[in-house]
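One structure is given below, encoded as structure tokens.
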Amino acid sequence: MQSMSYFSAVEAAGGIPLGIPPLPEDSLRVLYEMCDALLLPGGMDLDPATYGAGPGPEGEVHPELDRTEMLLTGWARRDRLPLLGICRGAQMLTVALGGTLWRDLPTESGAVGHGGTEGEPTRHHDIEITPGSRLHALLGPGPLPVNSRHHQATRTTGENLRVSAQAPDGTPEAIEAAGPDEDWFALAVQWHPEELPADHPTGSLRLVEGLLRATRETPRLVATP
Ligand SMILES: [Mn+2]
């Protein structure tokens, strides 16, 4: 369902990507059990029905993909399988844990300059990183530059999540497991590290290496729906 850049990011960090299509639950479980980590990639908006909302500013949606990723995320949380989310992946982690979304930043929160509207180019802005967060341990202190191509974002974090980076306008740019889920490596970023040079300060290498370090097994197979 995604571009090669996610697979390349996993491989560059020393993992083996395993593409996971939408499947019935039993089949999905077989593939999930082979994997040592989960990467939730970017993509289309979540179906608002996943969080009980009606039609709105979303573009194309894919309910079967939503269902697949929701199952994988729930299993990963229960099993403490390391998880890295990217863009849509941050929205999936938010919704899977009961949080809510800004469904369209420019019209709902007033935040502009994040891209993600049809035909709009990729934007760039800085992020501030929360001291003491998992993201801070991986990337160091901010401000750091990121690319930005999202018209949605986390609005409320949901159960046992905290914001670990935000844009100057206050938009959440990273979330991670916290509180009772602190022992779960679950981190999601709103930007696109897989489209930056791997060794860029906010590129994929440090993030995916962090994901792989949190796994128990080698070789490290990364489920990539
Ligand atoms: Mn942004």
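Bear in mind these aren't lab numbers, they're just calculated from the coordinates by the rules spelled out. Keep in mind that this is a model prediction, so the values were computed, not measured. So basically every Cβ, Gly included, is an ideal-geometry build from the backbone, and we count neighbours across all protein chains shown.
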Exercise. Taking only segment 121-156 into account, find how many residues are assigned to a loop (DSSP other than H, G, I, E, B), within 20 Å of residue 44 (Cα to Cα) and of a type in the set (Val, Ile, Thr).
Key: 1
Self-check item: Selection within segment 158-173 - within 11 Å of the ligand (Cβ to nearest atom), of a type in the set (S, T, N, Q) and in a strand (DSSP E or B)
Solution: 166
Self-check item: Matching strands (runs of 3 or more DSSP E) fully within segment 1-98 where at least 2 residues are over 13 Å from the mean Cα position of the chain (by Cα)
Solution: 16-19
Quiz item: Residue check, residue 194 against (1) more than 11 Å from the ligand (Cβ to nearest atom); (2) without any contact (Cβ under 8 Å) to a residue 60 or more places away in the chain; (3) within 30 Å of residue 57 (Cβ to Cβ), all met but one. Which one?
Solution: (2)
Practice problem: Identify, from the list 102, 75, the residue that is under 23 Å from residue 23 (Cα atoms), among the aromatic types (Phe, Trp, Tyr) and touching a residue at least 12 places away in the same chain (Cβ under 8 Å). | Solution: 75
Quiz item: For the subset of segment 206-225 comprising residues that are part of a strand (DSSP E or B) and in contact with a Pro (Cβ under 6 Å, 6 or more places away or on another chain), which member is surrounded by the most Cβ atoms within 10 Å (Cβ to Cβ)?
Solution: 222
